[in-house]
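Student: Just dropping this structure here.
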Amino acid sequence: GRASPPLAALSQVLRLERSRRTGIVFPLQKLERYLAPGTDTARFRLFQPGLAALQRAEALFRSDRGHPIDYVSSAVRMDHAPPPALPEVCFIGRSNVGKSSLIRALFSLAPEVEVRVSKTPGHTKKMNFFKVGKYFTLVDMPGYGYRAPQDFVEMVEAYLQERRNLKRTFLLVDGVVGLQKTDNIAVEMLEEFGIPYVMVLTKIDRASRGVLLKNVLEIQEFVKENTQGCFPQLFLVSSVEFSGVHLLRCFVAHVTGNLPTVEVS
Ligand code: GDP
């Protein structure tokens with residue numbers, strides 16, 4: 001198969017010098033030192049796994065003959081979704097937020113997995129289901145746009161309301177531009193249905209440190225003041241540099257019940 005990109009595996013990241021390594025594995029912590037003294041950083045470290053947990057999670061995302069990772073099917077309606085047999089996570093966000101790039105990065109150690117994209121305007125957008133061995137499923141939800149079409153809202157609403165095996169929703173927000181008005185469509189939906197979710201800031205390699213800090217603090221404040229179901233810690237990722245991807249794999253493994261809890265601090 002295709003070779004996986006340079007920092008896709010932890011073994012490669014561990015060879016970097018300490019500060020770069022922290023930046024790749026714990027990008028949010030890397031920002032801490034630039035905050036004004038006295039800033040409350042408790043929310044930066046709620047999920048802070050050790051190496052053993054990160055490695056265990058990576059093994060889940062690495063396919064082999066006894067552990068296949070496959071695209072399963074696509075669906076436009078809930079009655080076409082695969083049976084809810086495994087714990088599930090879903091990824092949702094504005095079109096162009098970097099959702100397919102992130103899913104590709106998560107699955108980069110299973111290069112045979114094809115993350116399809118249907119970007120042709122007018123094409124029906126679908127929910128794409130991926131199966132990670134016998135452990136969990138991951139769903140790529142259709143992206144929402146400037147005017148979320150009614151069929152998108154209906155499809156996503158039905159999924160969020162009905163999917164019994166859904167353990168966590170990952171709401172992607174562009175790390176360069178921050179929360180947009182259209183993101184409120186998703187936030188309101190998740191809050192209304194009481195769905196547990198977490199916000200992921202994408203493309204952090206493209207944001208200057210100042211912009212990233214501003215967006216992180218603003219979104220943290222928004223989460224604190226306006227949400228019930230959102231995990232207080234933000235996840236920062238770059239699908240190009242692999243920052244935050246290892247930690248996100250670990251969080252997915254954790255919320256789907258695939259990490260022994262003792263390994264997570
Ligand atoms: P989607 O519509 O949400 O699936 O977004 P894509 O994954 O197709 O990404 C949209 C654009 O952003 C593409 O041009 C990507 O190459 C770019 N992109 C996505 N993720 C990153 C990232 O982490 N860093 C940078 N620099 N560009 C990214």
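Student: Can you tell me which residues in the range 239-258 are within 16 Å of the ligand (Cβ to nearest atom) and outside any helix (DSSP H, G or I)? If you could, list the steps in order and put the result at the bottom.
Tutor: From the range 239-258, those within 16 Å of the ligand (Cβ to nearest atom) are 239-249; that's our starting set.
Passing the criteria: Ser239, Val240, Glu241, Phe242, Ser243, Gly244.
Student: Sort out which residues of the range 74-96 are part of a strand (DSSP E or B), at pLDDT below 95 and more than 16 Å from the ligand (Cβ to nearest atom), and write them in order of number.
Tutor: Ala75
Student: For residues that are more than 16 Å from the ligand (Cβ to nearest atom) and closer than 30 Å to Gln150 by Cα, scanning just the range 210-220, find the one that is surrounded by the fewest Cβ atoms within 10 Å (Cβ to Cβ).
Tutor: That would be Glu218.
Student: Name the one entry in Ala186, Ala158 that is more than 16 Å from the ligand (Cβ to nearest atom), of a type in the set (Gly, Ala, Ser) and touching a residue at least 12 places away in the same chain (Cβ under 8 Å).
Tutor: Matching residue, one of Ala186, Ala158: Ala158.
Student: Further, regarding this structure: So, of the residues in the range 189-209 that are part of a strand (DSSP E or B), within 16 Å of the ligand (Cβ to nearest atom) and among the β-branched types (Val, Ile, Thr), which turns out to be nearest to the chain's Cα centre (by Cα)?
Tutor: Looking at the filtered set, the residue picked out is Val200.
Student: Among what's in the range 29-63 and is charged (D, E, K, R) and either farther than 17 Å from Lys224 by Cβ or modelled with pLDDT of 95 or more (or both), pick the residue that is surrounded by the most Cβ atoms within 10 Å (Cβ to Cβ). Let's see the steps before the verdict.
Tutor: Narrowing the range 29-63 to residues charged (D, E, K, R): 30, 32-33, 40, 43, 45, 56, 58, 62.
Then drop every residue that is not either farther than 17 Å from Lys224 by Cβ or modelled with pLDDT of 95 or more (or both), which leaves 30, 32-33, 56, 58, 62.
Details: Lys30: 21, Glu32: 13, Arg33: 8, Arg56: 18, Glu58: 19, Arg62: 17.
Of everything passing the filter in the range 29-63, Lys30 is surrounded by the most Cβ atoms within 10 Å (Cβ to Cβ).
Student: Here's another thing I want to ask about it. Here's a check for you: in the range 97-121, which residue that is of a type in the set (S, T, N, Q) and within 8 Å of the ligand (Cβ to nearest atom) is nearest to Tyr144 (Cα to Cα)?
Tutor: Ser100
The values are calculated or read from the model by the stated rules, or taken from the named source; none is laboratory data. All values derive from a computational prediction rather than experimental measurement. Using ideal geometry, Cβ is built from the backbone for each residue, glycine included, and neighbour counts are taken over all protein chains shown.
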